[in-house]
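Here is the structure we will look at, set down as structure tokens.
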Amino acid sequence: MRDEELLSETQEFSDNPLSMDLVVNPARQRFPFCIVWTPLPILSYFLPFIGHMGIATSTGVIRDFAGPYHVSEDNMAFGKPTKYWQLNHAKAKGGVQGWDSAVAEASEIYKTRMHNLCCDNCHSHVATALNLMCYDNSNSWNMVKLAFLMLVHGKYASVLGFLKTWAPFCLLVATATLFCLFLR
């Protein structure tokens, strides 16, 4: 009987937004209720708005579709998040439980899928989680919408995150510009 009481107390605690730690902590890599993003080597150097995406649980643990039949937990495939977008868990069907259930279910679905860079990828995994939780009363989340919204709403986790995202692109543009100027 005591175990059941303890479980119900834990359940009440996890569903109470006032008792939850909603603070994003990049140093500890905790991003509660966030979509997280990190650049992809080489591809992001040329197109800095394209990168690798994951979604975090209510406790901030990140899940990302890292490759064929593999969803990482708490260890993003391409390094620590450089950007994050914290969402309002109240807009998820079922609140905190709905959020966590949808992230877990999307992860289980993607553990059975082949990774495809253009069609069924990390962005699709996040979109599936948002569709399962009916986030913001929508079932139309997709990878293009998420990429755009992360570009618009994403916040950099640190100055280093900003540099990791934009420095390679700026160096390529500067090199190309100098190359073109000296060829004249």
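The values are calculated or read from the model by the stated rules, or taken from the named source; none is laboratory data. These numbers were taken from a predicted model, which means no experiment stands behind them. As a convention, Cβ positions derive from the backbone with ideal geometry for all residues, glycine included, and neighbour counts pool all protein chains shown. The accessibility values were calculated without ligands, DNA or RNA, using every heavy atom of the protein model including side chains. Shrake-Rupley method; radii C 1.70, N 1.55, O 1.52, S 1.80 Å.
Points worth noting:
- Looking at the chain, the DSSP beta bridges with both ends there are about 100 percent antiparallel.
- Amide hydrogen neighbours beyond the local backbone of residue 67, cut-off 5 Å, H modeled: none
- Solvent-accessible area per residue in the stretch 78-165 equals 52 Å², computed with a 1.4 angstrom probe and all protein chains kept.
- 0 to 90° range, to nearest 10: angle between helix 95-110 axis and the chain longest Cα axis: 60 degrees
- By the Kirkwood approach, averaging reciprocal distances over each pair of separate Cα atoms, the stretch 83-184 gets a hydrodynamic radius of 16.0 Å.
- Helix 122-132 axis, angle to the chain major axis (alpha carbon atoms, nearest 10°): 30 degrees
- In a simple Cβ point-charge model (Lys, Arg +1; Asp, Glu -1; nothing else charged), the chain has a dipole of about 1140 debye relative to its Cα centre.
- With every protein chain in place, the chain: carbon and sulfur % of accessible area (1.4 Å): 63 percent
- P(r) tail, the chain: Cα-Cα pairs separated by more than 25 Å, 38% of all pairs.
- Globularity ratio of the stretch 31-120, using Cα Rg and 2.2 N^0.38 Å: 1.08
- A helix-only calculation puts the chain at -14000 deg cm²/dmol for mean residue ellipticity at 222 nm, using -39500 (n - 2.57) for each DSSP H run of at least four residues, averaged over all residues.
- Close amide H contacts of residue 87 (hydrogens built in the peptide plane, cut-off under 5 Å, sequence separation of 5 or more or a different chain): 34, 35.
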